[in-house]
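Heads up, the thing below is written out as structure tokens.
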Amino acid sequence: FQGNAELVGRHITGHPEALKQRGAGTGRGDGMSMAAAAGAALVGMNRFYGHMLSVDAFTNDNLWPYPYLDSLVTTGIVVNAGGQRFVDEGRGGVFVANAVAELDDPLSTHVIFDKAIWEAAGRNGLIPANPHVEKEGATLHRADSLEALAGQAGLPAEALSRTVAAYNDAMARNQPGDLTPPRQSAKYVAMPILKAPFYAMPMCAGITYTMGGISVNVHAQALREDGSVIDGLYALGTSAGGLEGGPQVGYVGGLSKGGVTALAAAEHLAGASGPA
């Protein structure tokens, strides 16, 4: 239902206009709404699959759906309007995008990194941020000091400096879990922010599709709130809920969900109809 601002506003963010649509805007949750009207339970409605984009994606079509900024996000740090970290960047870009959507102002975040990160992680990905965001005219603040960078980005200089100093100290001690919030390091390698010039890029969360949907059983049959089956009603692919999302914002992929649930439903229907 990513194309339905009313449902996105009800379930995902108080500011649906602050999420950049980077997927099928035609997904309006009509089938899900009809199933709910027939008594189906809805689950996992507060999560979505998406990526972090330049905030200029709202006005520049060359900045979406790519390049997304996840490589920079998972290697550097993400700060709010107060110049403070608020999310575990080590959980990945999809997790960060959901955390940003939950903010009072989802358009208030910056990713902070240095030259070493820009030249390494910045060049990762199908269409890497470096050099494409600058090539396409995205806002990218650059300065030889964190104080000057904060001034360009409109961030409080003292708070940003403290945030980066605490982060660099944790990196030097190889203890990212000591940070507030703690940072995971099992999947993504974090790098310190030490080498000028320093960079700040204003971001937005790009929503591709919503993870929630109709509650189903192992046969992809739609379920009521009490767990009973609604005879003859199946929910397949991204119409089904409870297979993605959750506290970890787990992502399994729309095609995987479609293939597995379609096969489960087909096998159940074939068994229910008896031998040919």
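The values are calculated or read from the model by the stated rules, or taken from the named source; none is laboratory data. From a predicted model like this one, the values you see are computed outputs, not experimental measurements. FYI the Cβ positions are ideal-geometry reconstructions off the backbone, even for glycines, and counts take in every protein chain you see. Only protein heavy atoms, including side chains, enter the accessible area calculation; ligands, DNA and RNA are left aside. Shrake-Rupley method; radii C 1.70, N 1.55, O 1.52, S 1.80 Å.
Numbers for the structure displayed
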{"quantity": "Label point 7 Å beyond Cα of A38 along Cβ direction - residues of the range 223-246 with amide nitrogen under 19 Å", "calculated": "223-242"}
{"quantity": "Residue-span extension gain [L263 to D231] - 0.36 nm each, minus C-alpha spacing", "calculated": "9.7 nm"}
{"quantity": "Relative contact order %, the chain, counting alpha carbon pairs below 8 Å whose residues are six or more apart", "calculated": "26"}
{"quantity": "Partners for K195 among aspartates and glutamates (Cα-Cα distance below 19 Å; same-chain residues under 8 apart left out)", "calculated": "D114, E119, D144, E147, E158, D169"}
{"quantity": "The range 16-81-the range 83-115 distance, computed between alpha-carbon centres (Å)", "calculated": "14"}
{"quantity": "Segments 192-204, 149-161 sorted - mean Cβ within 10 Å per residue, highest first", "calculated": "192-204, 149-161"}
{"quantity": "The range 129-187, accessible area per residue, ligands and nucleic acids excluded (1.4 Å, Å²)", "calculated": "54"}
{"quantity": "222 nm mean residue ellipticity, helices alone, for the chain (DSSP H n ≥ 4; -39,500 (n - 2.57); rounded to 500)", "calculated": "-9000 deg cm²/dmol"}
{"quantity": "Solvent exposure of the range 30-124 as accessible area per residue, Å², 1.4 Å probe", "calculated": "34"}
{"quantity": "Whole-percent carbon and sulfur share, accessible surface of the chain, 1.4 Å", "calculated": "54"}
{"quantity": "Alpha-carbon centroids, the range 135-172 and the range 240-262: separation in whole Å", "calculated": "36"}
{"quantity": "Hits among lysines - C-alpha to C-alpha of K20 under 25 Å, sequence gap 8 or more where chains match", "calculated": "K135, K257"}
{"quantity": "Tilt relative to the chain, helix 157-172 - C-alpha long axis, 0 to 90 degrees, to 10", "calculated": "80"}
{"quantity": "Spin-label model distance (nm) - R142 vs I127, 7 Å beyond Cα toward Cβ", "calculated": "2.1"}
{"quantity": "Listed peptides 93-101, 226-234 by packing density, highest first (mean Cβ within 10 Å)", "calculated": "93-101, 226-234"}
{"quantity": "List L53, L107, ordered by accessible area with a 1.4 Å probe, largest first", "calculated": "L107, L53"}
